[in-house]
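**Q** Just passing along the structure, written as structure tokens.
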Amino acid sequence: MTQPASPAQQDAPIPTAKSAPAGEGWRRPLGLRADVRNLSLLGVLAVLIAVGGITKPDEFLATSNLQLVLTQASIIGVVTVGMTFVITSGGIDLSVGAIVALASVWATTVATQEYGFAGILFTAVIVGLGCGLVNGLLIAYGGMVPFIATLAMLASARGLALQITDGKTQMVTVNSVLDLGIRDAYILGIPPLVLVFAAVTVIGWLLLNRTTFGRRTVAVGGNAEAARLAGIDVRRQRLYLYLLSGLCCGIAAFMLIVLAGSGQNTNGNLYELDAIAAAIIGGTLLSGGRGTIAGSVLGVLVFTTITNIFALNNLESAVQQIAKGAIIVAAVLVQHRTLRGGDA
Amino acid sequence: MAPEPAPDLEPPLLTMSGITKSFPGVRALDGVDLQVQAGEVHCLLGQNGAGKSTLIKVLAGAHQPDTGEITWRGDVVSLKSPIAAMRLGIATIYQELDLVEGLSVAENVFLGHEPTSAGFVVRGKEARSATALILGRLGHPEIDPAHHVGDLSAAQQQIVSMARALSHEVRLIVMDEPSAALDPDEVDNLFRIVGGLTADGVAVVYISHRLEEIRRIGDRVTVLKDGRAVAVGLPARDTPTRDIVAMMTGRNVEYVFPERPDPARAVDRQPVLRVEGLAREGEFAPVDLELRPGEIVGLAGLVGSGRSEILETIYGARKPSAGRVLIDGSPLRPGSVRSAVRAGVGLAPEERKAQGLLMLESVTRNVSVSSLSRFSRSGWLDRRQERAAAQRATRELSLRPDNPDARIRTLSGGNQQKAVLARWLLRGCRVLLLDEPTRGVDVGARAELYAVIRRLADEGLAVLLVSSEVPEVLGLADRVLVLREGSVVHTADARELDEHRVLDLVMEGSPTA
């Protein structure tokens with residue numbers, strides 16, 4: 001099995017390593033530690049799949065159920081990729097759920113639907129980008145704390161979504177959009193939404209690990225003052241990051257429209273918490289300076305699988321919430337331990 | 001070699017003997033002795049890095065000594081925590097005020113020992129009246145105990161700090177450069193307060209760089225140098241200045257400075273950096289400066305003399321209130337770091353960890369961070385090329401370990417500093433601004449860093465160096481600007497200056513004198 005490649009698994013072997021003194025710096029820990037964490041999360045996922053397979057062998061491992069789990073993971077997954085960038089830069093975006101709601105209702109108004117598939121997709125993406133732009137300008141150039149700026153966006157975007165819909169569900173009548181969600185559209189058994197998620201993940205991983213954009217994101221999150229004094233335009237970078245998060249929300253909103261066949265102002269409820277939790281248990285540091293897309297995706301899969309197993313076993317959602325909480329606590333404790341090892 | 005206490009004195013209030021304290025890579029205290037009598041003003045002198053602040057932190061219970069003994073009123077004690085020290089009657093007023101800005105004056109004064117009833121209900125009125133009493137005693141009845149500390153002036157905040165010290169049953173007060181933030185009038189008031197305290201039998205350990213203050217209020221002086229007490233309990237009023245300066249500067253460790261090139265060599269080159277009337281209100285007066293390729297110019301001065309501020313303003317990290325900075329004759333955009341970096345200016349900042357390094361990252365990524373666009377095509381990084389280039393730059397500076405993937409935080413201070421220099425080397429910068437380049441670098445590694453800096457200059461870089469260690473500036477720089485309280489008071493060839501002359505310039509004449 002191929003591990004999701006980590007940033008330090010790279011280049012030629014280092015011939016000097018042998019002659020060097022044995023010490024902390026020599027274990028190439030940058031990648032190694034991320035690997036350990038990803039491995040432990042993979043272990044958790046394997047255990048969950050085993051539990052699912054044993055308790056409900058016929059239902060859990062059925063193709064249709066796996067397709068369902070992956071589809072559910074896809075929407076929150078796309079949001080989480082954007083969130084991972086923002087958190088890696090030392091920021092936070094509390095408004096993702098509200099942006100998804102706003103984009104999904106704006107893109108499903110009667111007026112928008114007249115423009116068909118392209119109109120819906122375009123509107124969802126533009127609304128997401130617009131909200132991200134406002135967030136980014138307030139934070140990067142207005143000097144607002146990300147928590148407050150995106151909290152304000154959360155409130156106003158939800159309010160605007162309610163205003164637009166008047167609380168009613170807006171049914172989608174464009175068939176080409178609805179067709180994306182049906183079984184006939186599956187490619188080799190994979191739902192298109194899952195393919196979108198996969199594409200966003202790959203692009204996100206490349207962006208974070210292989211481009212100057214990603215490097216600057218990590219630098220800003222690791223030490224914004226040092227980044228500024230090194231000549232990086234910290235404010236512009238912050239603006240781009242909230243734009244990116246908004247873009248991901250726009251894409252997620254379109255996916256939600258496809259899946260639900262409608263737009264609703266209650267869409268995306270508490271996505272912000274799920275996305276933050278998935279990124280954190282994946283190994284992205286809430287204080288910034290380190291982020292892992294692979295970890296975030298695993299985090300999303302773990303949470304979605306738990307939800308699925310609990311639902312199949314007819315367990316109350318209360319128990320499910322408690323299990324989620326326990327996993328967050330356990331993952332962060334493991335993270336602290338690995339990190340402290342590095343501080344010694 | 002600790003001198004015996006004078007026989008005619010009563011047993012000392014405090015005796016510290018053989019105190020040692022090491023931090024990773026630094027021996028901050030190397031067997032320090034200190035004796036303080038009740039009712040005296042005992043002055044602590046020493047250059048930056050001599051161990052003064054570590055010593056007072058040991059005394060305040062904030063640091064635990066590795067070895068050594070502390071005797072307090074005849075009993076051996078261990079100061080396990082700041083609270084333990086406070087219970088004994090030792091109070092410390094730090095240079096950086098440690099007040100909570102959002103709380104009132106009275107709440108700050110009684111923070112941690114609020115008068116309470118039933119164990120938890122704070123009796124605010126009682127605290128306020130007790131605070132008013134102390135403030136009156138300190139000659140500042142105009143400070144309202146209910147006022148928020150954040151709204152007070154620096155001088156008033158200092159009074160509140162002092163009131164906090166006096167709210168305990170106190171026998172010894174440590175004051176770390178209390179006059180640094182004060183106007184002359186306020187200094188007079190401070191001295192009056194100190195006089196009142198000593199008359200009541202309270203001992204004061206007083207730290208200041210200003211010799212004339214020590215002459216005015218000090219009883220005895222202890223001089224620290226390189227973590228040792230080189231003189232214990234000298235008379236403060238009549239020990240000659242020359243002797244005190246000599247004790248502060250005489251060194252056990254000889255710094256090895258690289259050969260200076262012929263001074264005539266640089267003169268015929270065109271200056272690469274020109275600073276014209278650069279000023280920042282409240283920080284430093286207009287400065288003019290020219291820097292030629294191959295030249296190292298040093299700024300000498302005390303903390304607060306404006307040296308770091310000048311450097312950061314040239315770099316664009318602070319916006320000037322007047323003047324401009326030119327590289328090759330074209331002005332930089334004021335207050336723009338990016339404009340300076342693009343023009344070929346690099347900064348090794350004073351706080352290396354907080355301002356310079358990405359502590360979670362590898363050496364490569366710390367070195368390449370300012371040159372990312374060089375290793376990328378349309379944003380796409382060529383990491384092989386990046387790593388190789390970073391390795392070339394770090395090898396040129398013999399950074400150890402020779403592993404570009406090592407984490408920066410596992411490196412020693414000297415090698416971390418080399419990584420910062422390699423960053424600018426890789427960027428191809430032409431003007432290097434160095435702010436305290438050897439802070440936190442152990443003595444052995446300094447000589448190597450000096451050699452690296454000189455070699456960079458020989459290769460054509462122009463270097464502007466700020467250091468609080470006068471020998472470093474004199475030994476490394478070609479030309480020196482001496483700063484005092486935000487103004488350049490003297491400019492000279494480094495060969496024409498010696499340490500005593502510079503210390504006289506930065507210490508003796510303060511504008512109040």
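The values are calculated or read from the model by the stated rules, or taken from the named source; none is laboratory data. Since we're looking at a predicted model, the values are computed, not measured. All Cβ positions, glycine included, derive from the backbone under ideal geometry; neighbour counts span all protein chains shown.
**Q** Need at least 1 residues that are in contact with a Pro (Cβ under 8 Å, 6 or more places away or on another chain) and without any contact (Cβ under 8 Å) to a residue 60 or more places away in the chain per element, so show me which helices (runs of 4 or more DSSP H) inside region A:195-262 make the cut, counting only ones lying wholly within it.
**A** The qualifying helices (runs of 4 or more DSSP H) are A:224-229.
**Q** Which condition breaks for A:Arg236 when tested against (1) under 20 Å from B:Arg377 (Cα atoms); (2) facing chain B (nearest Cβ under 7 Å); (3) of a type in the set (Lys, Arg)?
**A** Every condition holds for A:Arg236 apart from (2).
**Q** Do we have any residue at all in region B:305-321 that's surrounded by fewer than 18 Cβ atoms within 10 Å (Cβ to Cβ), touching a strand residue (DSSP E or B) at 6+ places or on another chain (Cβ under 7 Å) and either of a type in the set (Gly, Ala, Ser) or modelled with pLDDT of 95 or more (or both)?
**A** Looking for residues that are surrounded by fewer than 18 Cβ atoms within 10 Å (Cβ to Cβ), touching a strand residue (DSSP E or B) at 6+ places or on another chain (Cβ under 7 Å) and either of a type in the set (Gly, Ala, Ser) or modelled with pLDDT of 95 or more (or both), one finds at least one in region B:305-321, hence yes.
Each row is one residue, and each column tells you yes or no for (1) surrounded by fewer than 20 Cβ atoms within 10 Å (Cβ to Cβ); (2) among the β-branched types (Val, Ile, Thr); (3) outside any strand (DSSP E or B).
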| residue | (1), (2), (3) |
| --- | --- |
| B:Asn189 | yes, no, yes |
| B:Tyr206 | no, no, no |
| B:Ile214 | no, yes, yes |
| B:Thr222 | no, yes, no |
| B:Asp238 | yes, no, yes |
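**Q** Okay, next question. Just a yes or no: is a residue in region B:160-167 assigned to a strand (DSSP E or B) and either surrounded by fewer than 15 Cβ atoms within 10 Å (Cβ to Cβ) or out of contact with any helix residue (DSSP H, G or I) (no Cβ under 8 Å at 6 or more places or on another chain) (or both)?
**A** Scanning region B:160-167 turns up no residue that is assigned to a strand (DSSP E or B) and either surrounded by fewer than 15 Cβ atoms within 10 Å (Cβ to Cβ) or out of contact with any helix residue (DSSP H, G or I) (no Cβ under 8 Å at 6 or more places or on another chain) (or both).
**Q** Still on this structure, I have one more. Can you name the residue in region A:147-189 that is more than 26 Å from A:Val96 (Cα to Cα) and aliphatic (A, V, I, L, M) and, of all such residues, is surrounded by the fewest Cβ atoms within 10 Å (Cβ to Cβ)?
**A** Per the criteria, the residue is A:Leu188.
**Q** Within region B:335-345, is even one residue crowded, with 23+ Cβ neighbours inside 10 Å and either farther than 19 Å from B:Glu290 by Cα or not hydrophobic (A, V, I, L, M, F, W, C) (or both)?
**A** Checked against the condition, which is being crowded, with 23+ Cβ neighbours inside 10 Å and either farther than 19 Å from B:Glu290 by Cα or not hydrophobic (A, V, I, L, M, F, W, C) (or both), region B:335-345 yields at least one hit.
**Q** When you go through (1) in contact with a Lys or Arg (Cβ under 9 Å, 6 or more places away or on another chain); (2) within 21 Å of A:Gly282 (Cβ to Cβ) one by one for A:Gly82, which number turns out not to apply?
**A** All conditions pass for A:Gly82, except number (1).
**Q** Now for a different question. Report the residue count in region B:386-405 for those that are part of a loop (DSSP other than H, G, I, E, B), within 13 Å of chain A (Cβ to nearest Cβ) and under 30 Å from the mean Cα position of the chain (by Cα).
**A** 3
**Q** If B:Gly51 passes every condition in (1) more than 15 Å from the chain's Cα centre (by Cα); (2) in contact (Cβ under 8 Å) with a residue 40 or more places away in the chain but one, which one does it miss?
**A** For B:Gly51, the failing item is (1).
**Q** Take region B:455-474 and flag every residue that is crowded, with 21+ Cβ neighbours inside 10 Å and over 14 Å from B:Gly301 (Cβ atoms).
**A** Result: B:Leu456, B:Ala457, B:Leu461, B:Ala462, B:Val463.
**Q** Quick one: which of A:Ala140, A:Ala98 is among the hydrophobic types (A, V, I, L, M, F, W, C), part of a helix (DSSP H, G or I) and under 26 Å from A:Phe197 (Cβ atoms)?
**A** Only one candidate passes the filter, namely A:Ala98.
**Q** Scanning region B:360-404 for residues that are touching a Phe, Trp or Tyr at 6+ places or on another chain (Cβ under 9 Å) and among the acidic types (Asp, Glu), which turns out surrounded by the most Cβ atoms within 10 Å (Cβ to Cβ)?
**A** So, considering only residues that are touching a Phe, Trp or Tyr at 6+ places or on another chain (Cβ under 9 Å) and among the acidic types (Asp, Glu), the one surrounded by the most Cβ atoms within 10 Å (Cβ to Cβ) is B:Glu386.
**Q** Out of (1) surrounded by 22 or more Cβ atoms within 10 Å (Cβ to Cβ); (2) basic (Lys, Arg); (3) away from chain A (no Cβ under 14 Å), what's the single condition that is false for B:Arg269?
**A** The single condition B:Arg269 does not satisfy is (1).
**Q** Continuing with this model, one more query. Counting only residues that are more than 9 Å from chain A (Cβ to nearest Cβ) and among the hydroxyl-bearing types (Ser, Thr, Tyr), how many does region B:344-370 have?
**A** 1
**Q** Just for strands (runs of 3 or more DSSP E) wholly inside region B:12-112: which have at least 1 residues that are touching a Pro at 6+ places or on another chain (Cβ under 8 Å) and crowded, with 19+ Cβ neighbours inside 10 Å?
**A** So the answer is B:14-23, B:26-36, B:90-93.
**Q** Now a separate question. Kindly provide the set of residues from region B:113-146 that are among the β-branched types (Val, Ile, Thr), crowded, with 16+ Cβ neighbours inside 10 Å and outside any helix (DSSP H, G or I), ordered by number.
**A** Of everything in region B:113-146, just one residue is among the β-branched types (Val, Ile, Thr), crowded, with 16+ Cβ neighbours inside 10 Å and outside any helix (DSSP H, G or I), namely B:Ile143.
Yes/no per residue for (1) over 22 Å from the mean Cα position of the chain (by Cα); (2) crowded, with 24+ Cβ neighbours inside 10 Å; (3) polar (S, T, N, Q):
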| site | (1), (2), (3) |
| --- | --- |
| A:Leu42 | no, no, no |
| A:Gly52 | yes, no, no |
| A:Leu70 | no, no, no |
| A:Val81 | no, yes, no |
| A:Ile87 | no, yes, no |
| A:Ala98 | no, yes, no |
| A:Val105 | no, yes, no |
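**Q** Quick check on B:Arg409: is it surrounded by fewer than 19 Cβ atoms within 10 Å (Cβ to Cβ), within 11 Å of chain A (Cβ to nearest Cβ) and outside any strand (DSSP E or B)?
**A** Numbers: surrounded by fewer than 19 Cβ atoms within 10 Å (Cβ to Cβ): yes; within 11 Å of chain A (Cβ to nearest Cβ): yes; outside any strand (DSSP E or B): yes.
Answer is yes for this residue.
**Q** For region B:184-196, state whether one or more residues are at negative phi and in contact with a strand residue (DSSP E or B) (Cβ under 7 Å, 6 or more places away or on another chain).
**A** Yes, region B:184-196 contains at least one residue that is at negative phi and in contact with a strand residue (DSSP E or B) (Cβ under 7 Å, 6 or more places away or on another chain).
**Q** Just to check your reading of the model, which residue among B:Leu425, B:Leu432 is buried (at least 23 other Cβ atoms within 10 Å of the Cβ), within 14 Å of chain A (Cβ to nearest Cβ) and either in contact (Cβ under 8 Å) with a residue 40 or more places away in the chain or β-branched (Val, Ile, Thr) (or both)? First the steps, then the outcome.
**A** Values: B:Leu425 fails: either in contact (Cβ under 8 Å) with a residue 40 or more places away in the chain or β-branched (Val, Ile, Thr) (or both).
Only one candidate qualifies: B:Leu432.
**Q** From the list B:Ser330, B:Ser308, exactly one residue is within 13 Å of chain A (Cβ to nearest Cβ) and touching a residue at least 12 places away in the same chain (Cβ under 8 Å). Which is it?
**A** B:Ser308
**Q** I'd like to check which strands (runs of 3 or more DSSP E) are fully inside region B:293-376 and have at least 2 residues that are under 23 Å from the mean Cα position of the chain (by Cα). Steps first, answer last, please.
**A** Working: elements: B:296-300, B:322-327, B:345-348.
Per the criteria, B:296-300, B:345-348.
**Q** Does any residue of region B:226-234 turn out to be in a loop (DSSP other than H, G, I, E, B) and either more than 25 Å from B:Asp478 (Cβ to Cβ) or at pLDDT 80 or above (or both)?
**A** For region B:226-234, residues in a loop (DSSP other than H, G, I, E, B) and either more than 25 Å from B:Asp478 (Cβ to Cβ) or at pLDDT 80 or above (or both): present.
**Q** Return the residues of region A:278-297 that are crowded, with 24+ Cβ neighbours inside 10 Å and either of a type in the set (Lys, Arg) or at negative phi (or both); say none if nothing qualifies.
**A** Selection gives A:Ala278, A:Ala279, A:Ile281, A:Gly282, A:Thr284, A:Gly291, A:Thr292, A:Ile293, A:Ala294, A:Gly295, A:Ser296, A:Val297.
**Q** Among the residues of region A:170-189, write down those that are within 20 Å of A:Thr63 (Cβ to Cβ) and either touching a residue at least 24 places away in the same chain (Cβ under 8 Å) or assigned to a loop (DSSP other than H, G, I, E, B) (or both).
**A** Within region A:170-189, A:Leu180, A:Gly181, A:Ile182, A:Tyr186, A:Leu188, A:Gly189 qualify.
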